[in-house]
Amino acid sequence: MNGLVHDALERHLPLDGALTTVGGLHDAITALVIEVGQALVGSAEYTAAFALVSQWRWQHPGSRDDVMTVSAEEALAGRIAHFTAAGLLDTDDPHTASHHLAAPTLLLAYNDQPDPATADSDHIRKIVTVGSRAFVRAHAVR
């Protein structure tokens, strides 16, 4: 997951100044969550890893997430901080904002279709697109 997210962030949310409007950022965020959502929800490997992490958390309450998940979350929070500093997003807490993006997109898509054998690409796309729109409405500069 770590490599997938980092690579997708580089492709869709570059730090080179190419994204200069809220509309462009919204399109880029939507493309990001579609790519990551399609890959994660349709992945038997991710489903197995998610189950293992969930079991670990249940057996060890209060334990930290696995390094790969934390790294991906921090990378996303870093991009949100960058676009906040660039004047496109408004948040005092990029880490929490990263959860505001993940929850109505990737987590909701996964929760709605936890079996990769039956993952419906169109349904995943719809969920993450609506979720990215909600994130932009909540965090875009007006």
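The values are calculated or read from the model by the stated rules, or taken from the named source; none is laboratory data. Since this is a predicted model, take the numbers as computed values, not measurements. Methodologically, a virtual Cβ is constructed for each residue, glycine included, from the backbone with ideal geometry; neighbour enumeration extends over all protein chains shown.
Which ranges mark the helices (runs of 4 or more DSSP H) fully within the stretch 49-142 that have 2 or more residues being modelled with pLDDT of 90 or more?
Numbers: elements: 67-85, 94-102, 108-112, 121-139.
Result: 67-85, 94-102, 121-139.
Screening the stretch 16-42 for residues that are outside any helix (DSSP H, G or I), out of contact with any Leu (no Cβ under 9 Å at 6 or more places or on another chain) and not charged (D, E, K, R) and picking the one that is surrounded by the most Cβ atoms within 10 Å (Cβ to Cβ) gives Gly42. Among residues of the stretch 83-112 that are farther than 14 Å from Leu25 by Cβ, none has a Cβ under 8 angstrom from a residue that is at pLDDT below 95 and assigned to a loop (DSSP other than H, G, I, E, B) at a sequence gap of 6+ or on a separate chain.
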